[in-house]
Amino acid sequence: MSHNSSRVGTVLLMAAIFAVLAIGLMMFGVHFALWEPIVGFGLIRTYMNPIAYGVIGLGVTGLIYQFAMRNRSGAVKALITCLVGAGLLAPMIYGQVQPSVSFPPIHDITTDTSNPPVFMVLDDNRAGAKNTLVYGGPEVAAQQHKAYPDIAPIQSNKPAPAVFAEVLRVGKAMGWEIVAQDPGGFRFEATARTPVYRFVDDVVVVVTSVGSASRIDIRSVSRIGRGDRGVNAARIREFIEAFEH
């Protein structure tokens, strides 16, 4: 009886491990070209919590059974199964305890909302794009200013050629794929990907001469989704910090 109940504990533990692997595959499958980013994101939103509840249910049931059988080893395995399920449920629990930050329903962020940098190579035919590269105008600008008042052009005392070389270096260091660059026009276009689901965003950086100094403007646009949950603003902030340091 003890042997059988211990085997039940092992099965529970294996189920928990399988659940973790399944969740990991959903999250990182795009890295192995198994599906598009939106598919992995959708799988997580649909199945992660039900899987977590299932693992917890199995663990609790197994724990009760192991206690009834007085099998300490099996009880430990069942308890680990419960903890794994709770861990998978942690993001939802955290979201309930700590309300998420509210982001505006926009996906196009720029340091210059009056005259945003224009994409000259990337266009609305780019792969998988649902969003246009045409700027949304005053309404989008107003929402950006309210949500991200700190997003502003970078000022540099260096001349444009030197600044362009530096912003290009920063873009590459951030892992962006440089799609096109115009050293004479002091501008480049690139694609950037989010870390986990690998959503593709498009970026343009333009350096403008201001006497012997320079001004840098950036624009980052998501290919899909009405909102971006602050990703583009965070990318621009990261770029600005990397450039200034």
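Just so it is clear, none of the values below were taken in a lab; they were calculated from the coordinates. Nothing here was measured: the structure is a model prediction, and the numbers come from that model. Every residue, glycine among them, receives a Cβ derived from its backbone with ideal geometry; neighbour counts consider all protein chains shown.
Values for this structure:
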quantity: Cα long-axis angle, helix 231-244 against the chain (0 to 90 degrees, to the nearest 10); calculated: 60 degrees
quantity: Crossing angle, helix 160-173 versus the chain [Cα axis fit, 0-90 degrees, rounded to tens]; calculated: 10 degrees
quantity: Ranking of T132, T111, T61 by count of other Cβ atoms within 10 Å, fewest first; calculated: T132, T61, T111
quantity: Computed magnitude of the charge dipole of segment 108-244 (debye, nearest 20; Cβ of K, R +1, Cβ of D, E -1); calculated: 260 debye
quantity: Cα-centred dipole magnitude for the chain, charges only on beta-carbon of K, R (+1) and D, E (-1), debye, nearest 20; calculated: 1160 debye
quantity: Between segment 144-194 and segment 1-71, the alpha-carbon center distance in angstrom; calculated: 43 Å
quantity: Folded to 0 to 90 degrees: helix 72-97 orientation relative to the chain principal axis, Cα; calculated: 30 degrees
quantity: Straight-distance crosslink candidates among aspartates and glutamates, where the alpha carbon sits under 12 Å from K172 and sequence neighbours closer than 8 are dropped; calculated: E189
